Amino acid sequence: MVRQTQYTIATSPFGLPWRASPFLPIESMAARQYSFLRILATAHAQELPIPALVGAFAMEHRRRFRSRLIRFARLVHSDPCIASALEKIPELLPDETVTAIRLGTELGTLAETFQQLLETETPTSDDVQEKWNSVISYALVLIPTLGTMTMGLLYFVVPTFKRMFDEFELRLPAASQLYLKFAEITANYFALFINLGFVLAIVYFFTPVGLLWRRFYRRYLPGGFSASSRRSVLQLLALSLCGNASLQNATSLLAKIHPAPLLRWRFRMANRKIEAGGEPWDSLANQHLVTVSQSRNLSAMQDNELRSWTLLRLAGSKRAGERRRAYTLVSLVQPISILLIAVFVLWTCIMCFGPLVSLVTSLS
């Protein structure tokens, strides 16, 4: 096992150590998780020492992902079961991937499970994340700029307007008064919101509270109703058809190991109907684990390999649909944010020129 103190990869001619990993990660989390999954698959197929491979892989990363990899290497060193170690380290791999590995371990088809996961979990170009980064960058550049300009107007220009209007016994325009009222409320609660957001960010990203919230959200709030859960069910059913495993054994295992309570309950009800002599795919359709048309077509097939291929294709189409919906949502967020900022800029211009127009009109 690689010693955890060997962080230095090389030493420069000036005696300064440097690492192979940059301070800010270049790869996305999905890409790092896929690399880790490929290491596990290769080690399992070639019977290589997993702790040594994972320990060396951990040296290429930083912060939480590195600590999770090192903890995983320790657990596997004491207990060779990959699924047990992954279940003890949340977010090292996605929940559905860990469930698939546990299912493959229990059914004795772990090699086939790794092969299918490497085919289905391949990271693609994350155009959704690039869109989000564009929106966030736009906001981070414009909001401080507009905030600085607004503070300058409120501290230097607006008091002059008020003094001039008081001298001529005039009233500020309604748009300017509303703008000043909005600025006053924002100034009174700005510090509170900033401090509260800072505290919540620290709690969410650096304490177990954030992990508990993410786990609660994934498993209970959308639960079995989310699109990712329905896609995960199709992938798990495809994995259960590998080898000589029966669908009844797979549903019995998924009723115990699936992370979402609602789906565990549905698999339990479907397994009871199967044990009572019901047709397996109809029993799954009755619990809304697959659609009626899917169950009809799957039950008509005579080959499990064809069923597995069909289920994987259905899961792939659902994944593509998820990405399209996410991209559409982000594409709507960007013009809405631009429109809101444009409205605020227009409101600021009206606040600046409105008093001047009113003053000139009154004096003429």
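The values are calculated or read from the model by the stated rules, or taken from the named source; none is laboratory data. Everything quoted here is computed from the prediction, not taken from an experiment. Every residue, glycine as well, gets a Cβ built from its backbone with ideal geometry; the counts of neighbours run over all protein chains shown. The area values use the complete protein model at the heavy-atom level, side chains included, leaving out ligands, DNA and RNA. Shrake-Rupley method; radii C 1.70, N 1.55, O 1.52, S 1.80 Å.
FRET efficiency for Leu339 and Lys88, Cβ-Cβ distance as r, R0 = 45 Å, nearest 0.05? Approximately 0.45, to the nearest 0.05. Think of the stretch 148-226 as a dipole: +1 on every Lys or Arg Cβ, -1 on every Asp or Glu Cβ, centred on the Cα centre; then among Phe161, Tyr179, Phe193, Phe193 lies furthest on the positive end. Note on the chain: with charges restricted to the Cβ of Lys and Arg (+1) and Asp and Glu (-1), its dipole about the Cα centre is near 580 debye. Hull volume per residue, based on the alpha-carbon atoms of the stretch 80-157 and their convex hull, is 123 Å³.
Note on Leu48 and Glu167: their simple-model spin labels are 8.1 nm apart, each label 7 Å out from Cα toward Cβ. For the pair Arg214 and Thr160, a Förster radius of 56 Å applied to the C-beta separation gives a FRET efficiency near 0.65, rounded to the nearest 0.05. Normalised by the residues of the chain, what does the relative contact order come to in percent, with Cα pairs under 8 Å and at least six apart? Worked out over the chain, it gives 16 percent. What the chain shows is 59 Å² of accessible area per residue, with the surface traced by a 1.4 Å probe over protein heavy atoms.
Please give, to one decimal in nm, the separation of the simple spin-label points placed at Ile185 and Leu221, each 7 Å out from Cα toward the Cβ. About 2.6 nm, to one decimal.
Over the chain, the reciprocal of the mean inverse Cα-Cα separation, the Kirkwood hydrodynamic radius, stands at 25.3 Å. Candidates Gln334, Ser84, Leu247 compared by Cα position along the dipole of the chain: farthest toward the positive end lies Ser84, with charges placed on Cβ. Over the stretch 131-188, what portion of Cα pair distances is larger than 16 Å, expressed as a whole percent? More than 16 Å apart: 57 percent of the Cα pairs in the stretch 131-188.
The stretch between Tyr204 and Arg313, if pulled fully straight at 0.36 nm per residue, gains 35.6 nm over its current Cα-Cα span. Once the Cα-Cα distance is subtracted from the 0.36 nm per residue extended length, the Ala174 to Lys256 segment shows a gain of 23.1 nm. Projected label points at Arg74 and Met29, each 7 Å from Cα along the beta carbon direction, are separated by 2.2 nanometres. Percent of accessible area on the chain owned by carbon and sulfur, 1.4 Å probe? The computed percentage sits at 63. The packing ranking of peptides 248-255, 40-47, highest mean first, is 248-255, 40-47, where packing means the average number of other beta carbon atoms within 10 angstrom of each residue. Between Glu322 and Val360, the C-beta separation translates, for a Förster distance of 51 Å, into a calculated FRET efficiency of about 0.35. Taken over the stretch 226-352, the convex hull of the Cα atoms encloses 128 Å³ per residue.
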